[in-house]
């Protein structure tokens with residue numbers, strides 16, 4: 001098989017959702033050190049950087065142009081300079097994305113690439129949270145970061161030339177798909193998407209904390225997806241949206257069907273199969289979500305249940321459904337969380353993210369079957385308790 005550019009690590013920049021100015025840094029320059037463990041053998045490694053921000057769940061171009069430079073070290077070796085069209089730095093206009101030149105290194109699965117990225121500008125969008133226990137960190141200015149836990153700015157994708165792998169998966173979603181409520185050492189945002197697919201299925205996660213199905217159809221959101229998918233074209237998509245559309249009630253079943261279907265059709269426009277996730281509950285609690293009787297569903301719960309019933313019929317144009325809600329809801333009621341699966345009533349905790357990852361096991365198996373040539377892409381019929389295919 002001829003190698004093609006694919007993501008080789010799932011630890012990359014995801015936009016955080018906080019009120020401005022805290023989703024960006026006005027320090028003038030920040031330097032971020034991140035470790036990226038390779039999930040497959042790769043050569044010709046390239047870094048993708050972008051200038052996009054998250055404003056309360058909305059995709060927006062970064063407010064200012066930024067200038068990005070970086071080095072990469074393989075397994076603790078000497079740092080190599082990253083270049084962009086032969087230059088030592090790249091200027092990214094608001095909304096722009098750039099890919100580096102290939103680095104003169106190849107590395108096996110399990111090797112660690114350490115990126116040290118300096119972003120300079122009036123305002124720098126923030127994304128990845130660093131894990132102090134692994135020596136990651138963020139520094140103001142252009143000095144070497146000390147180990148610490150903070151939001152920084154790093155590669156949005158790490159691509160390499162890879163052969164013989166499963167189909168490339170695109171994920172769109174909200175903070176649950178970003179991984180809020182789960183942790184990687186001291187860092188926020190591990191999550192069920194990485195738990196399910198990392199190391200097995202190549203992944204581009206374009207989830208946005210605070211994202212909605214309605215917001216996914218804005219011109220800015222579509223532009224961001226287009227800019228970040230120009231170097232690695234996904235073969236299949238998984239949409240995990242809807243929680244924030246219904247968190248406080250409002251949309252009817254018909255309106256939710258319209259919003260979700262419009263997003264699926266957009267994802268399917270390139271001819272790729274599209275899957276969707278059912279929507280987990282949102283509740284308040286009188287006892288810190290320690291018990292099921294202590295939970296009270298928020299407005300929108302009845303519409304959410306109706307949307308999930310509709311999703312389980314695998315409506316067109318979907319190829320299949322990952323039943324995240326069934327994995328996270330209490331057995332006796334889809335309107336509340338199962339015991340011990342959330343700490344805030346909106347996001348799964350670590351146990352909940354692990355349960356949600358289990359709900360995607362059938363899709364992982366289907367994609368791996370496609371890699372092995374054992375079945376046509378996404379034609380394996382899974383256990384009905386875990387998911388459905390058309």
For the list (1) surrounded by 19 or more Cβ atoms within 10 Å (Cβ to Cβ); (2) modelled with pLDDT under 90, I need the number of the one condition that residue 28 fails.
(1)
Scanning segment 245-260 for residues that are assigned to a helix (DSSP H, G or I) and in contact with a helix residue (DSSP H, G or I) (Cβ under 8 Å, 6 or more places away or on another chain) gives 245, 246, 253, 256, 257, 259, 260
Just checking, does segment 140-152 include any residue being at pLDDT below 95 and within 18 Å of residue 47 (Cα to Cα)?
yes
Hey, any hits in segment 212-219 for a residue that's within 17 Å of residue 362 (Cα to Cα), touching a helix residue (DSSP H, G or I) at 6+ places or on another chain (Cβ under 6 Å) and not assigned by TED's automatic domain parsing to the domain that holds residue 94?
no
Please determine, by comparing only the residues of segment 261-306 that are touching a helix residue (DSSP H, G or I) at 6+ places or on another chain (Cβ under 6 Å) and part of a loop (DSSP other than H, G, I, E, B), which one is surrounded by the fewest Cβ atoms within 10 Å (Cβ to Cβ).
300
Determine whether segment 311-328 contains at least one residue that is modelled with pLDDT under 95 and buried (at least 22 other Cβ atoms within 10 Å of the Cβ).
no
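On the given criteria, is residue 134 in the same structural domain as residue 155 (by TED's automatic domain parsing) and modelled with pLDDT under 95?
So residue 134 passes the test.
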Name the pairs whose Cβ atoms lie under 6 Å apart, with the first residue in segment 63-85 and at positive phi, the second assigned to a strand (DSSP E or B), and 6 or more positions between them or separate chains?
75/112
How do the strands (runs of 3 or more DSSP E) wholly within segment 1-70 filter down when requiring 2 or more residues that are closer than 30 Å to residue 370 by Cβ: which remain?
4-7, 29-37, 42-50
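Looking at 131, 174 in this structure, which one is under 30 Å from residue 274 (Cα atoms), touching a strand residue (DSSP E or B) at 6+ places or on another chain (Cβ under 9 Å) and crowded, with 19+ Cβ neighbours inside 10 Å? Break it down stepwise before answering.
Working: 131 fails: under 30 Å from residue 274 (Cα atoms).
When all the criteria are applied, what remains is 174.
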Residue 155 - would you say it is out of contact with any helix residue (DSSP H, G or I) (no Cβ under 6 Å at 6 or more places or on another chain) and modelled with pLDDT of 95 or more?
yes
Quick check, is residue 258 free of Cβ contacts under 8 Å to residues at least 12 places away in the same chain and under 27 Å from residue 313 (Cα atoms)?
yes
Matching residues, segment 313-342, being more than 17 Å from residue 358 (Cβ to Cβ) and not in a strand (DSSP E or B)
313, 314, 315, 316, 317, 318, 319, 332
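The values are calculated or read from the model by the stated rules, or taken from the named source; none is laboratory data. It should be emphasised that the depicted structure is a prediction, and the values quoted were computed from it without experimental measurement. Counting neighbours? That spans all protein chains shown, and the Cβs are built from the backbone with ideal geometry, glycine included.
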